[in-house]
Amino acid sequence: MSQDLVTFLHARLDEEAELARRCGGDGCGEWTADGRTVDFRHGELPGFHPSIALHVALHDPARVLREVEAKRRVLARHVFSPASGDPELPWDNIDDCQYDGETWPCDDLLDLASPYADHPDYPRRP
Ligand SMILES: [Zn+2]
């Protein structure tokens, strides 16, 4: 699992961003909930349980796009650093994360991937 997890995460973020853009992206305004109704800015839809209405409104496309960009910045910081195999650099003899020095994949990447653990393409450790 060298770059598999990073490739997998980029694919999930691409999917989420594409879906958010198809739902209006940045231009649709903030979704809001009022009781059992969600205001999608292009129309209202009643009939939700109030908690579900709040949950839907919380995931408006603009917020999802901001979250995707934040996760992309985290991914950009946590870069794979392969073991060098150089006997003169014994401390550099493991595959690790260039950002935090943890064994690859680092905990931050595993945490980013954990919500997708049930995805059929989730990379499994050998
Ligand atoms: Zn890291």
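The values are calculated or read from the model by the stated rules, or taken from the named source; none is laboratory data. Given the structure is predicted, the values throughout are model-derived calculations rather than measurements. Virtual Cβ from ideal backbone geometry, glycine too; neighbours counted across all protein chains shown. Just the protein is used for accessible areas: all its heavy atoms, side chains included, with ligands, DNA and RNA removed. Shrake-Rupley method; radii C 1.70, N 1.55, O 1.52, S 1.80 Å.
Quick check: is even one residue across region 99-107 of a type in the set (F, W, Y), open to solvent by less than 90 Å² (accessible area, probe 1.4 Å) and within 26 Å of D14 (Cα to Cα)? Show your work before the answer.
Residues of region 99-107 of a type in the set (F, W, Y): 99, 104.
Going one step further and asking which of them are open to solvent by less than 90 Å² (accessible area, probe 1.4 Å), we end up with 104.
If we keep only those that are within 26 Å of D14 (Cα to Cα) as well, we get 104.
Yes, region 99-107 contains a residue that is of a type in the set (F, W, Y), open to solvent by less than 90 Å² (accessible area, probe 1.4 Å) and within 26 Å of D14 (Cα to Cα).
Within the bounds of region 41-55, is there any residue that is among the polar types (S, T, N, Q) and under 15 Å from the mean Cα position of the chain (by Cα)? Within region 41-55, not a single residue is among the polar types (S, T, N, Q) and under 15 Å from the mean Cα position of the chain (by Cα).
When the criteria are applied in full, V74 fails the requirement of being within 30 Å of G29 (Cβ to Cβ) and more than 11 Å from the ligand (Cβ to nearest atom).
Quick one: which of L45, L109, L89, L65 is away from the ligand (no atom under 16 Å from the Cβ), touching a strand residue (DSSP E or B) at 6+ places or on another chain (Cβ under 9 Å) and not basic (K, R)?
On the way: L109 fails: away from the ligand (no atom under 16 Å from the Cβ); L89 fails: touching a strand residue (DSSP E or B) at 6+ places or on another chain (Cβ under 9 Å); L65 fails: touching a strand residue (DSSP E or B) at 6+ places or on another chain (Cβ under 9 Å).
When all the criteria are applied, what remains is L45.
Beta carbons closer than 7 Å, at least 6 apart along the sequence or on distinct chains, pair a first residue in region 71-92 that is open to solvent by 70 Å² or more (accessible area, probe 1.4 Å) with a second that is more than 10 Å from the ligand (Cβ to nearest atom) and of a type in the set (D, E) for P82/D95.
Taking the criterion of being open to solvent by less than 40 Å² (accessible area, probe 1.4 Å) and not aliphatic (A, V, I, L, M), the residues of region 41-70 that qualify are G43, D60, P61.
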